[in-house]
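S.K.: Questions regarding the structure given below will be posed in turn.
What follows draws every value from the coordinates through simple rules; no lab data is involved. This is a predicted model, so every value here is computed, not measured. A quick note on method: Cβ atoms are made from the backbone with ideal geometry, for glycine too, and the neighbour counts reach across all protein chains shown.
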Amino acid sequence: MIQKPVEKKDILTLDIHDLNHQGEGVGKYNNFTIFVPFALPGEQVTVEIDTLKKNYAKASVKEYHTLSEERVEPPCPYYYDCGGCQLQHLSYKGQLAYKEKLIENQLIKIAQIEKPIIEPIIGMENPWYYRNKLQSPVRVKNRSEKTGVLGFFRKNSHQLVEIDHCMIQKKANNHILEILKNLLEELKIPSYQVLRTKGRKDKGIGSLRHIVSRTGHKTGETHLTLVTRTKELPNKKKLINRLQKDIPNLVGITQNINNRPTSQVFGDEFIELWGQQYIKDELINKQYRISPAAFYQVNPEQTEKLYNKLFEICAIDEHDRVLDAYSGIGTITLLAADKVASILGVEEVEEAVQDSFENKDINQKGNVSFLTGKVEEKQVLKEIVDFSPNTVFVDPPRKGCDEDFLQIVSEIKPQKIGYVSCDPSTLARDIGRLKAKGYKLTKVVPIDLFPQTVHVEAVALIELE
Ligand code: SAH
């Protein structure tokens, strides 16, 4: 067995030379890798080893000896406690450079492209207060109290950090945090807690476990979902009344029931409590209805740039037949419909597809169709083959595209594939797979949709060789 050169609780001094994909500093001690949260490249730090794994250790900073020129004072008072942001201690210029490099490294390492063409990342002028969606857990403060507090989970944990203002959330969502904090207390709303007993399954008790709000950046419409463990929520009527009165631009309230002890926010059942069961919003020149269960990008200002970039690099025109795979509520589908002959959207979440049909009517687009199902399902693949697109857009979740789906796409041989990605490692993996099927990567454009966090969005053009 290889002797590890460090032990838990060891104190040592390290030079940080890189940042990993979680935004942690990377140092070496006798060639053994050590990850150090809140340390930056170029810094020398004394650390204490917290956890030891086979190939690496994690350590926390005890003392900074030299500081990076890119280090800034995090403006958020919760930053070092809350798991929501990871890069507030790095200048915004530094964050953008880090994200470009992350994509480049993955393309070199995983897709084995020697010199990928990466355009400069598109950042935000003001990288704060951008999120249109708030998803805040509610937990009891301590076991003797039933009423809960709101906040976010600490990194890699289900421990709640109580928060009443978040610097990456839009004003409307911060307002909801503030109002609910007081209402939960005033109306004694019983909140969720997880009971852990050794040797037994975790058990949830109490009721209110999450609040989820969405606000339209162009319309200002705000919608709130109360996620509860039980259908009954004591004082529900009073709570609804007060929320209606106290939250400006609130258009509707929905309840979602989730009684499973999982980290997934929503359960399957949605119940109408009051008003409109969605928000309306606009992106570029299209109007959309967005239901709580449907995906919608969280940074609308940057999303417009993302979609425009996708259309620009794919150079779509009126001769194109386009497949929009992973189409959500039909955002990309309906915008592209203005420019192309016809377009087919495919999406697995039923509620999102219902929204996309509605959105097709709102925007009066005749050359659009939508299909419900997983893009890799046999029946769906058959319809895609029949549609025979010459351009394909894909916008998958973090896990990337299914291999069966990519296989069929490569057999249809569309000239261009426009890939919208929220995870550079699966983007690189899928580009590698497409390379083996006769495609080449033309270029990648990173777009910063998630300032202050390590998340990276990019759009890539992949063409038939
Ligand atoms: N293009 C949309 C949605 C992108 S998010 C937009 O820009 O708003 C990814 C979407 O893919 C989600 O709506 C998710 O529900 C859907 N999805 C995930 N896996 C899928 C699969 N295997 N087949 C079809 N849709 C899928």
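S.K.: Please give the calculated 222 nm ellipticity per residue for the chain, where each DSSP H segment of at least 4 residues contributes -39500 (n - 2.57) and the sum is spread over every residue; nearest 500 deg cm²/dmol?
M.R.: Details: 9 runs with 112 residues, N = 465.
It lands at -7500 deg cm²/dmol.
S.K.: In what sequence do Tyr296, Tyr419 fall when counting other Cβ within 10 Å, fewest first? Can you show the working numbers first?
M.R.: Values: Tyr296 22, Tyr419 25.
Lowest count first: Tyr296, Tyr419.
S.K.: Further question: Tell me, what is the FRET efficiency for Asn142 and Lys101 to the nearest 0.05, using R0 = 51 angstrom and their Cβ-Cβ distance as r? Don't skip to the end; give the middle numbers.
M.R.: Details: r = 44 Å, r/R0 = 0.85.
With R0 = 51 Å, the Cβ-Cβ based efficiency is 0.70.
S.K.: Given Lys305/Lys360; Lys54/Lys155; Lys201/Lys231; Lys99/Lys171, which pairs have Cα atoms separated by over 24 Å? Walk me through the numbers before you get to the answer.
M.R.: Values: Lys305/Lys360 22 Å; Lys54/Lys155 22 Å; Lys201/Lys231 22 Å; Lys99/Lys171 27 Å.
Table pairs above 24 Å Cα-Cα are Lys99/Lys171.
S.K.: Also, quick follow-up: Could you please state, rounded to a whole Å, how far the C-alpha centre of the stretch 159-195 is from the C-alpha centre of the stretch 328-349?
M.R.: One Cα centre to the other: 36 Å.
S.K.: Continuing with this model, one more query. Which one of Tyr56, Thr66, Thr333 has its Cα pushed farthest toward the positive end of the charge dipole of the chain, where Lys and Arg give +1 and Asp and Glu give -1 at the Cβ?
M.R.: Final value for the positive-end residue is Tyr56.
S.K.: Still on this structure: Scanning the chain for helices, which whole DSSP H stretches are 20 Å or more long along the axis (Cα) and average 0.0 or more by Kyte-Doolittle?
M.R.: Span-like helices, by this rule, are absent here.
S.K.: If a/c stays under 1.5 just call it rounded; otherwise compare a/b with b/c (prolate if a/b is bigger, oblate if not). Do that for the chain, with a ≥ b ≥ c from the square roots of the Cα gyration tensor eigenvalues.
M.R.: On the way: a/c = 1.77, a/b = 1.06, b/c = 1.67.
Judged from the Cα gyration tensor, the chain comes out oblate (a/c at least 1.5, b/c at or above a/b).
S.K.: If packing is taken as the average number of other Cβ atoms within 10 Å across a peptide's residues, how do 264-273, 345-354, 394-403 rank, most packed first? Could the numbers behind the result be given before it?
M.R.: Details: 264-273: 13.6, 345-354: 21.0, 394-403: 17.3.
Averaged packing, sorted descending, gives the order 345-354, 394-403, 264-273.
S.K.: Please provide three numbers in whole Å: the alpha-carbon extents of the stretch 133-283 along the principal axes, with the largest listed first.
M.R.: 51, 31, 29 Å, listed from the longest principal axis down.
S.K.: With an 8 Å Cα cut-off and a minimum separation of 6 or more residues, compute the relative contact order for the chain in percent. Kindly include the intermediate steps, with their values, before the conclusion.
M.R.: On the way: 1038 pairs, mean separation 56.2, N = 465.
With pairs under 8 Å counted, the relative contact order is 12 percent.
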